[in-house]
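I have placed the structure first, in the form of structure tokens, so that the comments after it can refer back to it.
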Amino acid sequence: MQAVKNGDTVRVHYHGRLTNGTTFDSSEGRDPLEFQVGAGMVIKGFDSGVVDMIPGDKKTLNIPVEEAYGPKNDELIMDFPKQNIPEDLNPQVGMELQMSNPQGQVFPVKVTAISSEFITLDANHPLAGEPLVFDIELVEIV
């Protein structure tokens, strides 16, 4: 059987969890994830983890922060003046909101703190700073 190499399109079932065992995503009950190996469509550790697998292989990938979503970036945490928030919005810690930059690009942020004058927003990926664990099964090389 042929083994996966860079440039191949593969289909993979996966179960992603944090190192404490908390599941953050899974393909269970859905079609397998399809991506081109080496094209940057998935995080680096997942991408390189399927190389040399053959269909039917299963393995566990322990992906360090640097090969997942990277470390948290303090520059992506900002204090936003409460006076600039729409009146009909009642932000709560943990709430996810959408913001746009001056170029009009929309990006998600999470409310992490609220004071009398500001709400603190975190634009880091929710899994930034986390090492990840994936149980994967290579379904096929397309």
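The values are calculated or read from the model by the stated rules, or taken from the named source; none is laboratory data. Since the structure is predicted, the reported quantities are computational estimates derived from the model, not experimental observations. Here the Cβ positions follow ideal geometry from the backbone for every residue, glycine too, while neighbour counts run over all protein chains shown. Side chains are part of the model used for accessible areas, which takes the heavy atoms of the whole protein and leaves out ligands, DNA and RNA. Shrake-Rupley method; radii C 1.70, N 1.55, O 1.52, S 1.80 Å.
Of the residues LEU76, LEU97, the one with the largest accessible area comes first in the ranking LEU76, LEU97, computed with a 1.4 Å probe on protein heavy atoms. Taking 0.36 nm per residue of separation and subtracting the current Cα-Cα distance, fully stretching the chain between VAL106 and ASN20 would add 27.8 nm. For LEU121, the shell of other residues with beta-carbons less than 15 Å away shows a net charge of -3, using +1 for Lys and Arg and -1 for Asp and Glu. Only lysines eight or more places from LYS44 in sequence, or on another chain, were considered; those with a Cα closer than 28 Å are LYS5, LYS58, LYS59, LYS72, LYS110. Going through [x] 10.9; [y] 8.2; [z] 12.3, the figure that equals mean projected area of the Cα convex hull in nm² as computed for the structure here is [x]. Projecting the alpha carbon convex hull of region 80-142 along each direction and taking the average yields 7.7 nm². Adding -39500 (n - 2.57) for every DSSP H run of four residues or longer, then dividing by how many residues the chain holds, sets the calculated 222 nm ellipticity at -1000 deg cm²/dmol. What percentage of the solvent-accessible surface of the chain, computed with a 1.4 Å probe over protein heavy atoms, is contributed by carbon and sulfur atoms? Within the chain, the accessible surface is 48 percent carbon and sulfur. GLU66 sits among other residues whose Cβ lies under 14 Å from its own Cβ, and their net charge, with Lys and Arg +1 and Asp and Glu -1, is -1.
The calculated FRET efficiency for VAL65 paired with ALA123, based on their beta-carbon distance and R0 = 22 Å, is about 0.80. Rolling a 1.4 angstrom probe over the protein heavy atoms, how many square angstrom per residue are accessible across the chain? Result: 62 Å² per residue.
A simple count of charges around PRO91, restricted to other residues whose Cβ falls under 14 Å of its Cβ and scoring Lys, Arg +1 and Asp, Glu -1, yields -4.
Ranked by the mean number of other Cβ atoms within 10 Å of their residues, highest first, the peptides 86-94, 130-138, 59-67, 11-19 fall in the order 130-138, 11-19, 59-67, 86-94.
Sorting GLU28, GLU140 on solvent-accessible area from highest to lowest, probe radius 1.4 Å, gives GLU28, GLU140.
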